[in-house]
1. Angle check, please: helix 16-29 long axis (alpha carbons) against the longest principal axis of the chain (alpha carbons), in degrees 0 to 90, nearest 10.
2. Give me the Debye-computed log₁₀ of I(q)/I(0) at q = 0.19, 0.21 Å⁻¹ for the stretch 50-92, equal point scatterers on Cα only, no solvent, two decimals.
3. When the helix-only estimate is applied to the chain (DSSP H runs of n ≥ 4, each -39,500 (n - 2.57), divided by the residue count), what is the mean residue ellipticity at 222 nm, nearest 500 deg cm²/dmol?
4. Could you calculate the contour length gain from L337 to E33, that is, 0.36 nm times the residue separation minus the distance between their Cα atoms, to one decimal place in nm?
5. Quick one: of K125/K171; K52/K119; K20/K125, which pairs are farther than 21 Å apart, Cα to Cα?
6. In units of 2.2 N^0.38 Å, what is the alpha-carbon radius of gyration of the stretch 125-226?
7. Tell me, what does the Kirkwood hydrodynamic radius of the chain come to in angstroms if you use every pair of distinct C-alpha atoms?
8. What is the dipole size for the chain, taken about its Cα centre, with +1 at each Lys and Arg Cβ and -1 at each Asp and Glu Cβ, in debye to the nearest 20?
Amino acid sequence: MSNKRNVTGITVVSSKAEMKQFLNLPYSLYANEEHWVPPLYIQQRDLLDRKKNPYFNEAEAEYFIAQRNGIIKGRVAAIVNHTWIKHNNQQTGFFGFFECEDDPELAELLLKVAGEWLKNKGMKKVIGPINPGMMYEIGALIEGHDKPNFIMMPWTKAYYDSLLSANGFEKEMDLLAYIVDKDTVALDRIEKAEKIVRYRLPDIKVRPVDMKNFKEEVTTIRKIFNAAWATNWGFSPVSEDEFNHIAKDLKLIIDTDLAHVAEVNGEPIGFTVALPDLNLALKNVKKGRLLPFGIFKLLLGKRKINRIRTALMGVIPEYRGKGVDALLHRETIIRGLKKGYIASELSWLLETNTDMIRVAEKIGGYLDKRYRIYGKELH
């Protein structure tokens, strides 16, 4: 499928012009959606670049666009992640970057061609939306369309559930987003939990991420992350190159008051990274373009950011169930409130991760959004 060909209105992206069409579609499709936040165009371009993004060192993908009367109406990516397949021992591929007008015929064509490509790669099943891997934006928004998405979380059309269901896709897993805000946060319970944890683990310390030794910190966090998530649904080990690539982008917005490492006797056992919700600033950047005036809107918008997203957290297996996660949440919440952040989204949480859901609820969190990963057998 390396050569360009058309399949009843579907084109395999094989030129810069077609890639530009693929990238531009969401900005027109969502132009009238009040709560959709346009991602930075340059970031999306680099994310999809199979030569530049280290994710594709162990993965391959094909991109498709759907057109009607010469106008792009939909898109999809078909993705094979060889690390994921090996770790999960499943011949399962991904579909991602799915965007389509409310047109059942075009949606069917897009999903069919993606499925055929995956079948030709030996896949027996497809799951998604995954864009392009588990460390990035995943899932279709099922509940919560009445509010904007937080940083690095998707906001998708409400009718996608119908389009996917009509094409034989069924629920594979739901991902939950909880909100803790200044009005609901259970400060008394958080402080009580801290005392209990420190009594049980008197040698535990929570420190900020050391930006002067950022490279070493990233290595530490990656090690904890891969150990902490090893048995979770959908996980596969994140390579050093991919993790470094993601960390390089996050370094630009990390607030050290919101990123911490937990240690016992100097040995790292857990971490958390919360990010200022840059989406509050990106909302005013037209079509995700920083030039000519978007950069000024972004800089002005950053000053008004008053919410965060706890995007990454992990505790090594030996210390699970001891309250380390609650201690890390406490550090983020207390410091965040002092800096004027009035809300934090904890996302995403697997619907099957009852321990983390219980922690979120105990500290005053409430369910705010629900995302869905769909699956379908390939016959």
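Just so it is clear, none of the values below were taken in a lab; they were calculated from the coordinates. These figures come from a predicted structure and were not determined experimentally. For neighbour counting, all protein chains shown are included, and Cβ atoms are generated from backbone atoms with ideal geometry for every residue, glycine included.
1. Around 70 degrees separate the two axes.
2. The Debye formula, applied to the Cα set alone, gives -0.67, -0.73.
3. Here the helix-only value at 222 nm equals -10500 deg cm²/dmol.
4. 106.4 nm
5. In this structure, K52/K119; K20/K125 exceed 21 Å between Cα atoms.
6. Output field value: 1.53.
7. One over the average 1/r among Cα pairs gives 21.6 Å for the chain.
8. 880
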